[in-house]
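Scroll down for the structure; my scribbles are underneath it.
The values are calculated or read from the model by the stated rules, or taken from the named source; none is laboratory data. Values in this document were obtained by computation on a predicted structure and should not be read as measured data. Backbone-built Cβ (ideal geometry, glycine too); neighbour counts: all protein chains shown. Only protein heavy atoms, including side chains, enter the accessible area calculation; ligands, DNA and RNA are left aside. Shrake-Rupley method; radii C 1.70, N 1.55, O 1.52, S 1.80 Å.
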Amino acid sequence: MIVDQTETAAPASVGQTAATLRSRGALHRIFSFPVVLGALLVVLTVFTIRGRFNDPDMWWHLKTGEIIWNTHHIPAVDLFSFTANGQPWTAQEWLSELTIYGAYHFGGYSGLMLWLFVLASLTIIAGYALCWLYSGNPKVAFLGGAGIWLFSTVGLAIRPQMIGYLLLICELLVLHLGRTRNVRWFFALPPLFALWINCHSSFAFGLLVLAITLGCSFLKLRVGLLVSKRWERRTRNLLAVSFALSLAALFLNPIGPKLLLFPLEVTLKEPLITNIISEWRPADFSEVRGWALLGAAGLVLLVPLLRRSELALRDFALIALAFGLAVQHQKMLFIFGILAMPTLSRLLATAWDGYQPERDSVLVSASMMALAAIFIVLTFPSTRYLNEQVNKHNPVKALEFIERSGASGRMLNEYAYGGYLIWAAPKGKVFIDGRCDLYDHAGVLAEYIKWATLQEDPRVLLDKYRISLCLLPKNARIARVIPLLPGWKSIYSDDTAVVFARTTATKPVPARTGVPPKRM
């Protein structure tokens, strides 16, 4: 006997549980076992992010948000570097960056941490809710939410991607509710994409999810346990209309059509990006998330075989796509968790006894939620702890030395330091920072990679850009080579960074790079 567990099916107890919940009072619905499970996921999330105030890209996002906040204008050219200064560049995540700076403007470092806390918690809770809708079993959904949390740890940071991933879950919620509850839910998709494209480039993946869902809605086939059921005409037609409106909504942005092409440009530049950014490298199967990736993908295939249950073609296609991306790029583990855990929750819905609302105790639930709230308040990082993280992961003391000593001239900085320098030393110009698309277009990224990995004589780049100072991590390979070069010496060093200065005159700078600005 084949058990139907495709996207439209749900365990028999789901309707009974939902009816019981609706019949209960508000107090019992709020202080209930499923809500307690959600609170536990929030506790887990807060504990995870409290030490994550160290993402190097946060700083240039913050600075860009400040510019937009103060000028009411989105930058169209590079303002932060001397290597690509004045070249076309657009803050394609401008709306997210505006919210990031707004959090800082009103709350400082604590405001930024609160921004991350709210978005990370909403993402995990929304994922838990999605798993619950798919499975009808809050216990299994809790495990699904924990799975989303595990994969999300690869990307929980104060960056625009947090909004993008939350919107991806919202899209999946809308698609599920439109399919199983009311087709009018589909009309939430166009405004969602209008918001999404202004926040993060993951809108392109969301559009692909929508296209695959629409395509499968017209298919009727069965290949073993892999099934696609054709949707009702009205349902699929309304989804098609929503898809067309969502495409049109992408043009509701202040930048124009080139914002739609940005994800494609990043994909074409993938080889260079992979060389320098660790999150774009293949998944590491020697650590927990790598094993979890294989385990979750294996269960999606194995459970239907063992339980003789159907697997929807649409779910299989999305999970296979996400798995392929996650194997190639670590950062895609986040997306894999969002797509795989709801389907896995549905497949395992009857593997654990379902939730029985009548057994809830308001007092017990309220007590556990109170303890969770206390833990969250006590665990939320203090300003002192946030400052310690900034000092630990950024060249704070080295920058103070440069300012104090009066050292000037063009400075070649470590890739990961560029964002902090943009924020902490805005009067100067950086050599490079996390905006890899800009520096790839300018040809600087390839030059920097060759220099940092010692693929050519370091003096070539130093002389070409008339570099007077180098600010590098103390343990960098190139940092062991610079003091061996004629005319270079170390003038500062601490546990984090080292500063090198040129002791001889530099060669004339090529005309295209302009006049070197004075640092500090």
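Structure summary
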read-out	value
Fraction of accessible area attributable to carbon and sulfur, the chain (%, probe 1.4 Å)	63
The stretch 345-460 shape via C-alpha gyration tensor axes, a/c threshold 1.5	oblate
Computed lengthening from residue 378 to residue 455, 0.36 nm per intervening residue step minus Cα-Cα distance	22.8 nm
Linear extension gain, residue 367 paired with residue 248, 0.36 nm per residue minus alpha-carbon span	38.0 nm
Point-to-point label distance, residue 177-residue 464, nm (Cα→Cβ direction, 7 Å offset)	5.3
Between helix 138-152 and the chain: long-axis angle, C-alpha atoms, 0 to 90°, nearest 10	20
Linear extension gain, residue 351 paired with residue 73, 0.36 nm per residue minus alpha-carbon span	94.7 nm
Residues of the stretch 111-262: accessible area per residue with a 1.4 Å probe, Å²	36
Reachable lysines from residue 489, criterion Cα separation under 29 angstrom, eight or more residues apart if same chain	392, 397, 427, 429, 450, 464, 474, 507, 518
Where 466, 346, 179, 184 fall by accessible area, highest first, once all protein chains stay in place (1.4 Å)	184, 466, 179, 346
With DNA, RNA and ligands ignored, accessible area of residue 258 (1.4 Å probe; Å², nearest 10)	110
Cα-based Rg / Dmax (Å) for the stretch 66-165	17.8, 56
Rounded D (µm²/s) - the stretch 319-409, Kirkwood Rh over Cα pairs, Stokes-Einstein at 20 °C, 1.002 mPa s	112
Total charge dipole magnitude, the chain, about the Cα centre, Cβ charges on Lys, Arg, Asp, Glu only, Debye to nearest 20	340
Coordinate range along principal axes, alpha carbons of the chain, Å, largest first	81, 49, 45
Label-to-label distance, nm, for residues given as residue 105 and residue 328 (7 Å Cα→Cβ offset)	3.9
Efficiency of FRET between residue 408 and residue 495 - r from beta-carbon atoms, R0 22 angstrom, step 0.05	0.30
Peptides ranked, highest mean first, by Cβ atoms within 10 Å: ranges 85-91, 498-504, 334-340	334-340, 498-504, 85-91
